[in-house]
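Visitor: Dropping a structure here in structure tokens format, bear with me for questions.
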Amino acid sequence: MSKSRIFAVLLMSAMMLAASGGEEAQGADAHHVDWSSVLGKVFNSTVLFGGLALMLRKPLIRMLAEKSASIVTDFQEREKNLADTTVQLQAIEQRLEKVAAEVAQIKAGAVAGGQEELARLEAAGRAEAARIIALSEEEIRLRVEAAVRSVKGHIADLAIERFREDFKKSLDSAMQQKIIERNISACGELDEGK
């Protein structure tokens, strides 16, 4: 017999016992406890829940087994992801170490290049000082004035170029409008001054 047939037979017998217990209880005294009815209900409950447990046992076991398998799979995937992440972290740390070594090497090269350039500039400065001392005072004065004018012009050119680049970077429509208005009012002041 299949489980569903056994369950149906047990259910029918439990219902028949409950019906016979109910009829006897109607004729008995109201304060008297009908033990056969109580036992029938206990038996019916036992049969009902026992039948349910029998019928649901395999699906429940299967569901729990599937759930535990999915949890195990999830743990395995997480462990694999953790291992992959650890490998990636180690690779990143190795790259960072290489970058730090390259930065140190570039810094050392820059320091060495700076010292060489300083030595060259000092040598050129000493040579220039010896040559300037050899010139007459007037020639020195003229050359100094010319050099100062040249340096000032070069500095002015650099400052203008720098100002032009900064001005281009910070120029927006609101700034343009302010400049135009300032120039218009300055032109108006010049006309009033005449």
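Visitor: From the list Ala28, Ala14, Ala8, Ala18, exactly one residue is in contact with a Leu (Cβ under 8 Å, 6 or more places away or on another chain) and either at pLDDT below 70 or loosely packed, with under 10 Cβ neighbours inside 10 Å (or both). Which is it?
Guide: Ala14
Visitor: Quick test of your reading of the structure: Lys98 fulfils all but one of (1) farther than 30 Å from Ile179 by Cα; (2) modelled with pLDDT under 85. Name the failing condition by number.
Guide: (2)
Visitor: Is one or more of the residues making up segment 115-135 assigned to a loop (DSSP other than H, G, I, E, B) and loosely packed, with under 10 Cβ neighbours inside 10 Å?
Guide: No, there is no match, as no residue in segment 115-135 is assigned to a loop (DSSP other than H, G, I, E, B) and loosely packed, with under 10 Cβ neighbours inside 10 Å.
The values are calculated or read from the model by the stated rules, or taken from the named source; none is laboratory data. Source: prediction; values computed, not measured. Note that we place each Cβ from the backbone using ideal geometry, even for glycine, and neighbour counts take in every protein chain shown.
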